[in-house]
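Undergrad: If you scroll down you'll find the structure; I have some questions about it.
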């Protein structure tokens, strides 16, 4: 276990899953996974123990000498991470997706939490208990795709100010502020990474994970509902350059862990 500069505790498990979630395809050799955890001072023995536990739990499988993601929850998480980075939307006609959840209290708390998590993953926001909504501008296989019988779906259009409603449902200023901070952090590391500075790999790994989490928190609203200076596209464009530089340096590091 390693504590990084921002106070974030990194375990062998978290590093292994993070690097696999970010790999395409999501599989790596044991030696390269050991090389990644080595960046954070995590020993080879600790890493191999974590790999054994992840395999026993069904989260990873070993195939052709490489570990790869196997649990459906992790594969869904990876797909969501990829979609969040791509940020695909469609033209908006002013309508909103509106979901009402069942109110019976007999459901287990874990089931209620899972349903809330699924609605949040579909980028809906909760107006009040059991009432979730968002602009209907996501691909058809995203928001509104839940087959859960406890959710009743509507397409509606608010009579009140849609811009004000979006600001009520999402902390847009907070997201924009954090995105700006992340852009500054990437700007500070891009130069050294493009020069091949391996000493920035550990810090860059943590920063990359932070940017990907920020993408996942993006509500992907229509332009009409966003502040004029919304930094979503700028963050993604800068991350493309940052990620290319980071992966080039990491590839060189991996050569030592064939």
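Undergrad: Which of the residues that make up region 214-226 are at negative phi and either at pLDDT below 95 or surrounded by 14 or more Cβ atoms within 10 Å (Cβ to Cβ) (or both)? Give the steps one after another, and end with the answer.
TA: Just the residues of region 214-226 that are at negative phi, to begin with: 214-219, 221-226.
Result: 214, 215, 216, 217, 218, 219, 221, 222, 225, 226.
Undergrad: Hey, another quick one. For the structure I just gave you, tell me whether residue 246 is touching a helix residue (DSSP H, G or I) at 6+ places or on another chain (Cβ under 7 Å), assigned to a helix (DSSP H, G or I) and over 17 Å from residue 175 (Cα atoms).
TA: Numbers: touching a helix residue (DSSP H, G or I) at 6+ places or on another chain (Cβ under 7 Å): yes; assigned to a helix (DSSP H, G or I): yes; over 17 Å from residue 175 (Cα atoms): yes.
Yes.
Undergrad: Would it be correct to say that residue 199 is out of contact with any strand residue (DSSP E or B) (no Cβ under 7 Å at 6 or more places or on another chain) and surrounded by fewer than 18 Cβ atoms within 10 Å (Cβ to Cβ)?
TA: Details: out of contact with any strand residue (DSSP E or B) (no Cβ under 7 Å at 6 or more places or on another chain): yes; surrounded by fewer than 18 Cβ atoms within 10 Å (Cβ to Cβ): yes.
Spelling it out, residue 199 is indeed out of contact with any strand residue (DSSP E or B) (no Cβ under 7 Å at 6 or more places or on another chain) and surrounded by fewer than 18 Cβ atoms within 10 Å (Cβ to Cβ).
Undergrad: With the condition being modelled with pLDDT of 95 or more and in contact with a helix residue (DSSP H, G or I) (Cβ under 9 Å, 6 or more places away or on another chain), I'd like the strands (runs of 3 or more DSSP E) fully within region 1-110 carrying at least 2 qualifying residues. Outline the logic, then answer.
TA: Numbers: elements: 60-63, 66-69, 96-101.
In region 1-110, no matching strands (runs of 3 or more DSSP E) lie anywhere.
Undergrad: Would you point out which residue out of 48, 66, 90, 31 is in contact (Cβ under 8 Å) with a residue 40 or more places away in the chain and either crowded, with 16+ Cβ neighbours inside 10 Å or over 27 Å from residue 214 (Cα atoms) (or both)?
TA: Details: 48 fails: in contact (Cβ under 8 Å) with a residue 40 or more places away in the chain; 66 fails: in contact (Cβ under 8 Å) with a residue 40 or more places away in the chain; 90 fails: either crowded, with 16+ Cβ neighbours inside 10 Å or over 27 Å from residue 214 (Cα atoms) (or both).
When all the criteria are applied, what remains is 31.
Undergrad: Which number in (1) out of contact with any strand residue (DSSP E or B) (no Cβ under 6 Å at 6 or more places or on another chain); (2) within 21 Å of residue 254 (Cβ to Cβ); (3) exposed (fewer than 13 other Cβ atoms within 10 Å of the Cβ) marks the one condition that residue 36 misses?
TA: Here residue 36 meets the rest and fails (3).
Undergrad: Which residues, counting only those in region 158-188, are crowded, with 19+ Cβ neighbours inside 10 Å and farther than 30 Å from residue 92 by Cα?
TA: Within region 158-188, just 186 meets the criteria.
The values are calculated or read from the model by the stated rules, or taken from the named source; none is laboratory data. In this text, all values refer to a predicted model and were calculated from it rather than measured experimentally. Positions of Cβ are backbone-derived with ideal geometry, glycine not excepted, and every protein chain shown enters the neighbour counts.
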